[in-house]
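The values are calculated or read from the model by the stated rules, or taken from the named source; none is laboratory data. Computed from a predicted model, the values in this text were never measured in an experiment. Every residue, glycine among them, receives a Cβ derived from its backbone with ideal geometry; neighbour counts consider all protein chains shown.
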Amino acid sequence: MAVGAVADALGGAGGGSFASDDDPELVRDAIPFGLKLYETLLESTPEHRGLLVAAARGFASYAYLLQDDASRLEASDRESARVLRQRASRLYLRGRDYALRGLEVAHSGFRAALATDFAAALARTDRDDVALLYWVAAGQAGALSAAKGDAELIADLPRAGACMQRVLDLDESYEAGAAHEFFVSYEASRPGGSVARAREHFARADALAHGERASLYLSLAESVSVPEQNLAEFQSLLDETLAVDLERAPQSRMVNVLAQRRAQWLRAHVADLFLDAEPTGGTP
């Protein structure tokens, strides 16, 4: 009963104090303890849905922090950056597997069905499964973003897209349009994707987020503006990223801080991304 009570409290936290913190380094150092606590509790309550969601979210969040560190190390220590990205990719997949476990608890045989006929498997899911579906897709796509070129991860990407499409079908407003934001990068980068559709998803996500998701503007900037070499749009989107008020959505403070930090880094490196840009002289 005690384990169940703690699991309920942690599993329902939705990121809790980590998500609302404004110090990425503090959170990065603290998250591992929380993740191991989740795993310890899951040994006693292996089918606790809330804990499985929390573990999936937590591992993906920690992986993103490591990936962000890797991007900053790239110029000065390429080997350390490579090692960090490999670790981030593994942690993304660990989070994905917890989300898949949650779907297996709710729908026996789900994981096997997803591997053979994902359309039929996803048809069994409902609105209660939205968070798990989201973190399956985010974990899978995140792993590939950290380990670009991995053939197995590339082959699995369509299943990630299908899971996220199911999120849209069931609840497009989940996490203020996070699924639409996912498709900004997904459509712009996948083989056979569409920049036009990426922009449509951006517009819908922007309407749902009400200016509270700094990462949304960054997604369009990096996924579309850079490949199109649209410097004016890129700079405008960075401005919008940096203009997001961190206090407007305290529950998203951490992800917004990270997006704004990334925007500042991109602004300092704009000459590396655009042929017609002049060096800014900024500090990484």
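Among the residues of region 36-43, is any closer than 19 Å to ALA160 by Cα, in contact with a helix residue (DSSP H, G or I) (Cβ under 6 Å, 6 or more places away or on another chain) and of a type outside the set (Phe, Trp, Tyr)? Checked against the condition, which is being closer than 19 Å to ALA160 by Cα, in contact with a helix residue (DSSP H, G or I) (Cβ under 6 Å, 6 or more places away or on another chain) and of a type outside the set (Phe, Trp, Tyr), region 36-43 yields no hits at all. State whether the residues of region 29-47 include one that is part of a helix (DSSP H, G or I), charged (D, E, K, R), buried (at least 18 other Cβ atoms within 10 Å of the Cβ) and on the phi < 0 side of the Ramachandran plot. No - not one qualifying residue is present in region 29-47. Here are some residues: ALA13, ALA7. Which one is surrounded by 14 or more Cβ atoms within 10 Å (Cβ to Cβ), modelled with pLDDT under 95 and not in a helix (DSSP H, G or I)? Every option except ALA13 fails the conditions. Could you say whether any residue in region 119-142 is small (Gly, Ala, Ser) and in contact with a Lys or Arg (Cβ under 7 Å, 6 or more places away or on another chain)? Yes, because at least one residue in region 119-142 is small (Gly, Ala, Ser) and in contact with a Lys or Arg (Cβ under 7 Å, 6 or more places away or on another chain).
When region 48-72 is filtered for residues that are in contact with a Ser or Thr (Cβ under 8 Å, 6 or more places away or on another chain) and either of a type in the set (S, T, N, Q) or surrounded by fewer than 18 Cβ atoms within 10 Å (Cβ to Cβ) (or both), only GLN67 remains. For region 209-244, a residue qualifies if it is without any contact (Cβ under 8 Å) to a residue 12 or more places away in the chain and in a loop (DSSP other than H, G, I, E, B), and exactly one does: ASN230. Scanning region 207-226 for residues that are at pLDDT 95 or above and surrounded by fewer than 19 Cβ atoms within 10 Å (Cβ to Cβ) turns up ALA207, VAL226. When ALA243, ALA232 are checked against the criterion of being of a type outside the set (D, E, K, R) and either under 20 Å from ASP22 (Cβ atoms) or modelled with pLDDT under 95 (or both), a single residue qualifies: ALA243.
ILE154 passes every criterion in (1) surrounded by fewer than 15 Cβ atoms within 10 Å (Cβ to Cβ); (2) over 19 Å from the mean Cα position of the chain (by Cα); (3) assigned to a helix (DSSP H, G or I) apart from (2). Checking the structure you have, find out if any residue of region 180-193 is touching a Phe, Trp or Tyr at 6+ places or on another chain (Cβ under 6 Å), in contact (Cβ under 8 Å) with a residue 40 or more places away in the chain and within 21 Å of PHE59 (Cβ to Cβ). Within region 180-193, none of the residues are touching a Phe, Trp or Tyr at 6+ places or on another chain (Cβ under 6 Å), in contact (Cβ under 8 Å) with a residue 40 or more places away in the chain and within 21 Å of PHE59 (Cβ to Cβ). When region 89-135 is examined, which residues are found to be within 13 Å of LEU170 (Cβ to Cβ), hydroxyl-bearing (Ser, Thr, Tyr) and in a helix (DSSP H, G or I)? Answer for region 89-135, where residues must be within 13 Å of LEU170 (Cβ to Cβ), hydroxyl-bearing (Ser, Thr, Tyr) and in a helix (DSSP H, G or I): just TYR134.
Would you pick out the residues in region 141-151 that are of a type outside the set (A, V, I, L, M, F, W, C) and surrounded by fewer than 24 Cβ atoms within 10 Å (Cβ to Cβ)? Listed by number, the residues that qualify are SER145, LYS148, GLY149, ASP150.
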